Amino acid sequence: MASTAGNKNPSGPTAAAEMIGGNDDIVTEILLRLPVKPLVRFKCVSKRWLSLISDPHFSRRYHHPRVSVSGVFLRRRIPSQFQFVTLDGTHSKPPFTSLDFITDKDNDNDIDPPCSSRIKILESCNGLLLCRRLNKTLTGQSHRYFVCNPTTKQFSRLPFISTDGPITIFGLSLAFEPTKSPYYQVVCVRSAAVSVYFYQIEIYSSKTRAWRPCGSPFVAPFDMVFDQGVFWNGAVHWLSPSGAAMFFNLDKEILGTMPSLPGSEAWGKRRFRYFGESGGHLHLIEIYGAGTTQFQVFEMSSDYSGWFVKYEVDLDGIVAAFPEMVRNFLDPCDSSYVAFVIVFVVRNEEEEAELLLHVPGKILSYNLREKSFNKCCELTPYSNESSSSLQFGWLDAYQYMESLACV
């Protein structure tokens, strides 16, 4: 009998694996079903896999159903540095510690070298960041805007808005829904030529790579804050300090107003406001009085019928565990001032919800359902900052989720 030792079976598992591995279509279908982190690492497997995963067509098809917020960047105000708070329990390294990968090589008039301290994150939206860079030129200063993917370190510079004369930009907002489209949009509210009392909306699309005016000039409450827009439900939403609220729906390209938050003048002076989106929900928190540790988290109905109370919060247990939160020097009218700031409301697909709280020297996580809490991380004071100071606010917090989206 002839020996078959060493002979390969052409129909065995090795041959089948080679056939699958040699078929780009099959490999692509397998890779599309993996989470983002392994995909980023798999770029190092081979040049072929690098080409497959880096292909814009791949990223347009890719959207993993379990992608959720894995961390929050907290921006230090001076200088432009970041504290990364992980939310997935892995204590993984931050995707970046500075924004120096964003460069403006085409700007030959820039008299300063690239410097990450001149780049500021304006917004985060479903894995992408909208950033602004201050350019110092021989003729003065100007701002350039970028959209970047911090997971892939890719970025794209937005072109200047083309107008007949000088304009004032009141705010830009990033709109990106990867489950509906691979393209993002940037909504700009600028001054209108017809009058100083009117505003004009311009929209940038990554599909056309161009700006276009949208709709007619419009009026808005004098104190509307257009540089703190929140993208939710297919629209960008804005609030004013006096309580007025409006939104711009990108699909219908119409402006609308939102109901006011139920309130009472008896609540007194508002100490704090939080306004943000997470997990497909729009949240609003207003805290009145310096010593308030009981408050409510409101959520907006998807049909804009009104705000409703989603969660009741009681932080007395946290104050008992961290007595350094109680101070007596801020307001002589209050017997005790409780030092804390809400930096983010986190919701996920399983309807788990938590508050990220900044207390002196720490970031805490408060479970909104179980009313429990734990410490996320210690904060190191920078330079002459006191360890008891509150270094971050909700406007310094930017959610991070892994994404392969092209910019």
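The values are calculated or read from the model by the stated rules, or taken from the named source; none is laboratory data. These numbers come from a predicted model, not from an experiment. FYI the Cβ positions are ideal-geometry reconstructions off the backbone, even for glycines, and counts take in every protein chain you see. Heads up: the accessible areas ignore ligands, DNA and RNA and are worked out on the full protein's heavy atoms, side chains in. Shrake-Rupley method; radii C 1.70, N 1.55, O 1.52, S 1.80 Å.
Just to be sure I understand, how many residues within the range 220-233 are touching a residue at least 40 places away in the same chain (Cβ under 8 Å) and over 12 Å from Ser173 (Cα atoms)?
Here the count works out to 1.
Would you please name the residue that is modelled with the lowest pLDDT, looking only at residues in the range 325-363 that are surrounded by 13 or more Cβ atoms within 10 Å (Cβ to Cβ) and among the small types (Gly, Ala, Ser)?
Ser336
This table checks each residue for (1) under 21 Å from Ser124 (Cβ atoms); (2) out of contact with any helix residue (DSSP H, G or I) (no Cβ under 8 Å at 6 or more places or on another chain); (3) at pLDDT below 95; (4) outside any loop (DSSP other than H, G, I, E, B).
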{"residue": "Glu177", "(1), (2), (3), (4)": "yes, yes, yes, no"}
{"residue": "Tyr183", "(1), (2), (3), (4)": "yes, yes, yes, no"}
{"residue": "Val194", "(1), (2), (3), (4)": "no, yes, yes, no"}
{"residue": "Ile203", "(1), (2), (3), (4)": "yes, yes, no, yes"}
{"residue": "Ser216", "(1), (2), (3), (4)": "no, yes, yes, yes"}
{"residue": "His237", "(1), (2), (3), (4)": "yes, yes, no, yes"}
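Kindly list, by first and then second residue, each pair from a residue in the range 22-33 that is within 13 Å of Ser51 (Cα to Cα) to a residue that is open to solvent by less than 60 Å² (accessible area, probe 1.4 Å) and of a type in the set (Gly, Ala, Ser), limited to pairs with Cβ atoms under 8 Å and residues at least 6 apart or on different chains.
Listed pairs, sorted by first residue: Val27/Gly21.
Hey, among Lys153, Lys120, which residue is out of contact with any strand residue (DSSP E or B) (no Cβ under 7 Å at 6 or more places or on another chain), at pLDDT 80 or above and open to solvent by 10 Å² or more (accessible area, probe 1.4 Å)?
After ruling out the rest, the residue left standing is Lys153.
Please go through (1) within 19 Å of Asp104 (Cβ to Cβ); (2) in contact with a Lys or Arg (Cβ under 7 Å, 6 or more places away or on another chain); (3) not in a strand (DSSP E or B) for Ile167 and return the number of the only condition it doesn't satisfy.
(1)
With the requirement that a residue be of a type outside the set (Val, Ile, Thr), closer than 15 Å to Arg369 by Cα and crowded, with 17+ Cβ neighbours inside 10 Å, what does the range 300-324 give you?
Residues satisfying the conditions are Lys310, Tyr311, Leu315.
Scanning the range 236-280 for residues that are closer than 16 Å to Glu202 by Cα and within 15 Å of the chain's Cα centre (by Cα), which turns out surrounded by the fewest Cβ atoms within 10 Å (Cβ to Cβ)?
Filtering the range 236-280 for residues that are closer than 16 Å to Glu202 by Cα and within 15 Å of the chain's Cα centre (by Cα), the one surrounded by the fewest Cβ atoms within 10 Å (Cβ to Cβ) comes out as His237.
If the requirement is being of a type outside the set (D, E, K, R) and buried (at least 16 other Cβ atoms within 10 Å of the Cβ), which of these qualifies: Val189, Val219, Val225, Val196?
Within the list Val189, Val219, Val225, Val196, the selection yields Val189.
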